[in-house]
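Q: Have a look at this one before I ask anything.
The values are calculated or read from the model by the stated rules, or taken from the named source; none is laboratory data. Keep in mind that this is a model prediction, so the values were computed, not measured. Positions of Cβ are backbone-derived with ideal geometry, glycine not excepted, and every protein chain shown enters the neighbour counts. Ligands, DNA and RNA are excluded from the accessible area calculation, which covers all protein heavy atoms including side chains. Shrake-Rupley method; radii C 1.70, N 1.55, O 1.52, S 1.80 Å.
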Amino acid sequence: MADAVTKLAYEALQQGKSLVGVAHKEISTRLMELVAPAGAPKTLPIPPQMLKDLQASHKALMEVDWQEAEEGLYPTALLFDAPWGDWAARYPLVWLDMPSTWTRRSERNVRDLPRDVETDNYPDYYLQNFHHQTDGYLSDHSASLYDLQVEILFNGTADPMRRRVIKPLVQGLRAFADRPASSLRVLDVATGTGRTLHQLRSALPNAQLVGLDLSSAYLRQANRWLSQRPSELPQLVQGNAEAMPFAEGSMQGVTCVFLMHELPAEARQAVLDDCFRVLEPGGVLVLADSVQLSDSPQFEVAMDNFRRVFHEPYYRDYIGDDINGRLSAAGFSGIRASSHLMTRVWTATKP
Ligand SMILES: C[S@@+](CC[C@H](N)C(=O)[O-])C[C@H]1O[C@@H](n2cnc3c(N)ncnc32)[C@H](O)[C@@H]1O
């Protein structure tokens, strides 16, 4: 009985988030059409069948999220966990930030970055306003709004989609079941503000967690958020995922969430090659990113609209890319993949 009520509460929460996300996007698009019509994105209408498919996939995502909590992969409390107070306080800032986003979009200005950024420290492809967001990934202001902006973009499904890396990761780590859990090292590549690390900590309370990102501002935000529970605090390292500052074979598990679509093709391969290098033989890589045209052709319009609304310079190339082929080229075997709403999850093993 208690379980049924909790499940209902979870579904109601997800439906509520979805409504807020849809309403927010509808209002902001209408406002932009009024205030900055030249830059307002021209999106394609969602066909009725696609809407039905999206609703069915959303339902399936909630179901698998609930089931995997029931299986004990992570606590049910994680399904309700979010910095609600913090997000409520930041929500007005998301609106206040919008006019500058609209201006950049209207002017097609995608290199509007803080003046003090040491550009030599970053690859050229990184020095852009991804999603037209203020300061790109290069300021505390951007880092402070990012989580909420992603929640709105995905209608509240970002964490349920991120959690899909947990099961294949936990299963992959069973290859090291003869070792103490506290000796296992799991690296989250492009960890951003640490939302995936937070989910992983609930599932792997004893493992050593490490997060890597190019943005020191995003890592500061991750540190602020994760250090609210000091026992959870992972090691946070600034670095380029193409050449990570970790020894060969030093990790038993690697996750990487929502990075691939923001990289040019060569960098995508370089990141997968380096994930392979840092894994110990027998170790597991779990990669999560946008679905692609080959696995989810029914969502082609949604993929196209994403690219039209946000500055995502490598997305079109990504959705047609052969990630299985790239994983094989990096040396991985046992490659398998599954889709969860708008996220594709690949699991691969280092032989
Ligand atoms: C779309 S965000 C995803 C963040 C996080 N994984 C999540 O689930 O929210 C992309 C992240 O990749 C980071 N990033 C982009 N290129 C990178 C690179 N070459 N090396 C390391 N991090 C990179 C960005 O700083 C940003 O935090």
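Q: Looking at the chain, how many pairs of lysines come closer than 29 Å at the Cα, when each pair is eight or more places apart or spans two chains?
A: 18
Q: Between SER294 and ALA247, what length comes free when the chain is fully extended (0.36 nm per residue of separation minus the Cα-Cα distance, one decimal in nm)?
A: Numbers: separation 47, 0.36 × 47 = 16.92 nm, distance 3.51 nm.
Separation in residues times 0.36 nm, less the Cα-Cα distance, equals 13.4 nm.
Q: Given an 8 Å cut-off on Cα distances and at least 6 residues of separation, report the relative contact order of segment 158-349 as a percent.
A: On the way: 344 pairs, mean separation 41.8, N = 192.
Relative CO of segment 158-349 lands at 22 percent.
Q: For GLN208 and ALA329 in one chain, what is 0.36 nm times their gap in residues minus the Cα-Cα distance, to one decimal in nm? If you can, show how the numbers build up before the last one.
A: Numbers: separation 121, 0.36 × 121 = 43.56 nm, distance 2.84 nm.
Going from the current span to full extension adds 40.7 nm.
Q: Still on this structure: Binning at 10 Å from 0, report for segment 49-179 what percent of all alpha-carbon pair distances ends up in each bin.
A: 10, 29, 27, 25, 9, 1
Q: Next up: Under 16 Å from a point 7 Å along the Cα-to-Cβ line of ASP273: which residues of segment 177-206 have their amide N that close?
A: Flagged as within label range: none.
Q: Could you tally the net charge around ALA4, taking each other residue with its Cβ under 12 Å from the Cβ of ALA4, Lys/Arg +1 and Asp/Glu -1?
A: On the way: positive: LYS7; negative: ASP3, GLU11, GLU70.
That works out to -2.
Q: Two decimals, Cα atoms only, Kirkwood Rh: what is Rg/Rh over the chain?
A: Values: Rg = 19.6 Å, Rh = 20.8 Å.
Value, to two decimals: 0.94.
Q: Would you mind telling me the share, in percent, of accessible area of the chain contributed by carbon and sulfur at probe 1.4 angstrom? Don't skip to the answer; put the middle values down first.
A: Working: 8450 of 15100 Å².
With neighbouring chains kept in place, the figure for the chain is 56 percent.
Q: Now for a separate question. Net charge near TYR318: determine it from the other residues with C-beta under 12 Å of the C-beta of TYR318, scoring Lys and Arg +1 and Asp and Glu -1. Provide the component values of the computation, followed by the final result.
A: Values: positive: ARG268, ARG307, ARG316, ARG326, ARG344; negative: GLU262, ASP289, GLU312, ASP317, ASP321, ASP322.
Result for the local shell: -1.
Q: From the helices alone, meaning DSSP H stretches of at least four residues, give me the mean residue ellipticity at 222 nm for the chain, per-run term -39500 (n - 2.57), in deg cm²/dmol to the nearest 500. Could the numbers behind the result be given before it?
A: Details: 12 runs with 164 residues, N = 351.
It lands at -15000 deg cm²/dmol.
Q: Here's something else I'd like to know. Percent antiparallel among DSSP beta bridges with both residues in segment 158-349, to the nearest 5? Mind showing how you got there, number by number?
A: Values: 13 of 32 bridges.
Percentage antiparallel, nearest 5: 40.
Q: Right, another one. If exposed trypsin sites (Lys or Arg not before Pro) are those in a DSSP loop with at most 13 other Cβ within 10 Å, what is the longest stretch of the chain that has none? Could the numbers behind the result be given before it?
A: Details: sites that count: LYS42, ARG108, ARG111, ARG115.
The longest such stretch corresponds to 116-351.
Q: With N set to the residue count of segment 158-349, report its C-alpha Rg divided by 2.2 N^0.38 Å to two decimal places.
A: Details: Rg = 15.9 Å, N = 192, 2.2 N^0.38 = 16.2 Å.
Cα Rg divided by the expected 2.2 N^0.38 Å: 0.98.
Q: Just report the Cα centroid separation between segment 124-201 and segment 1-27, whole Å.
A: 22 Å
Q: Here's a follow-up. Place a point 7 Å from the Cα of ASP116 along the Cα-to-Cβ direction; which residues of segment 193-232 have their backbone N under 13 Å from it?
A: Only 217 pass the distance filter.
Q: Further, regarding this structure: Using modelled amide H (1.01 Å from N, peptide plane; none on Pro or chain starts), what sits under 5 Å from the amide H of THR255, excluding residues fewer than 5 places away?
A: Under 5 Å from the amide H of THR255 lie the amide H atoms of LEU187, ASP188, VAL189, VAL286, each far enough along the sequence or on another chain.
Q: Now, a different point. What is the projected area of the convex hull of the Cα atoms of segment 87-153, averaged over all directions, in nm²? Present the calculation step by step, with values, prior to reporting the outcome.
A: On the way: hull surface 19.0 nm².
Its average projected convex-hull area is 4.8 nm².
Q: Right, another one. Given a 1.4 angstrom probe, what's the average accessible area per residue across the chain, in square angstrom? All intermediate terms of the calculation are to be shown ahead of the outcome.
A: Working: 15100 Å² over 351 residues.
Heavy-atom SASA per residue in the chain reads 43 Å².
Q: For ARG229 and ILE27 in the same chain, what is the full-extension length gain: residue separation times 0.36 nm, less their Cα-Cα distance, in nm? Working shown, then result.
A: Working: separation 202, 0.36 × 202 = 72.72 nm, distance 3.60 nm.
Here the segment from ARG229 to ILE27 would lengthen by 69.1 nm.
Q: Against the empirical 2.2 N^0.38 Å scaling, what ratio does the C-alpha Rg of segment 1-119 come to? Write down the numbers at each step before the final one.
A: Values: Rg = 19.3 Å, N = 119, 2.2 N^0.38 = 13.5 Å.
That works out to 1.43 for segment 1-119.
Q: Something else: So how much accessible area does ILE27 have, in Å² to the nearest 10, using a 1.4 Å probe?
A: About 90 Å², ignoring ligands and nucleic acids.
Q: Give me the one-decimal nm value for the distance between modelled label points at SER106 and ARG90, 7 Å along each residue's Cα-to-Cβ direction.
A: A separation of 2.7 nm, rounded to one decimal place.
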